[in-house]
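To start, the structure itself, in structure tokens.
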Amino acid sequence: QIPRVKGNLPTNSKKPPRPRNCFILYRDSESKRIKAQCPEMSVQEISKIVGQQWRSGGPELQAYWKLLARKEKEEHARRYPDYKYSPRKPGQKKKR
């Protein structure tokens, strides 16, 4: 059974989600826009386009998204003050 997702956090998980970084925020925004314009495109095609846009966007584009990521990180720190990133140990599988 697939867990229901509420925001970024699966409902059966006890761990809070990691805050999103600047590229992930940009990718989420742009992929929704591209998917709305071209619904027949695959996720892989959209990812290639978004990656190219990110690299060619220049420092102004990246600075804007870094600011948004910083704000999200600050909000995450307020919501989860005891949060500490703990990566999986080598060989440990991700639970689905």
task: Considering the convex hull of the alpha carbon atoms of the chain, report its projected area averaged over all viewing directions, in nm², one decimal.
output: 8.5 nm²
- line: Taking a probe of 1.4 Å and leaving out DNA, RNA and ligands, the chain shows per residue an accessible area in Å² of 88 Å²
message: Among ARG70, ARG27, ARG78, which one shows the highest mean-square fluctuation when the chain is modelled as a Gaussian network with alpha-carbon springs under 10 Å?
response: ARG78
statement: Phi angles of the range 44-60, converted by Karplus (6.51 cos²θ - 1.76 cosθ + 1.60, θ = phi - 60°) into ³J(HN,Hα) in whole Hz with x for Gly and Pro, give 5, 5, 5, 4, 4, 5, 5, x, 5, 4, 4, 5, 8, x, x, x, 5
field: Dipole axis of the chain (+1 Lys, Arg; -1 Asp, Glu on Cβ), positive-most option in ALA77, GLN62, GLY91
entry: GLY91
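Relative contact order, percent, of the chain when contacts are C-alpha pairs under 8 Å separated by at least 6 residues? Kindly include the intermediate steps, with their values, before the conclusion.
On the way: 51 pairs, mean separation 31.8, N = 96.
Computed value for the chain: 33 percent relative contact order.
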- line: Other residues with Cβ under 15 Å from the Cβ of GLN37 give, with Lys and Arg +1 and Asp and Glu -1, a net charge of 0
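Show me the GluC sites (Glu not before Pro) within the range 30-96 that DSSP assigns to loop and that have at most 15 other Cβ atoms within 10 Å of their Cβ.
GLU40
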- request: Of the listed pairs LYS66/LYS89; LYS35/LYS89; LYS15/LYS71; LYS66/LYS94; LYS14/LYS66, which have alpha-carbon separations greater than 26 Å here?
  value: LYS66/LYS89; LYS35/LYS89; LYS66/LYS94; LYS14/LYS66
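The values are calculated or read from the model by the stated rules, or taken from the named source; none is laboratory data. All figures in this text were calculated on a predicted structure; none of them were measured in a lab. Note: ideal-geometry Cβ built from the backbone for every residue, glycine included; neighbour counts use all protein chains shown. Keep in mind that these areas ignore ligands, DNA and RNA; they rest on the heavy atoms of the full protein, side chains included. Shrake-Rupley method; radii C 1.70, N 1.55, O 1.52, S 1.80 Å.
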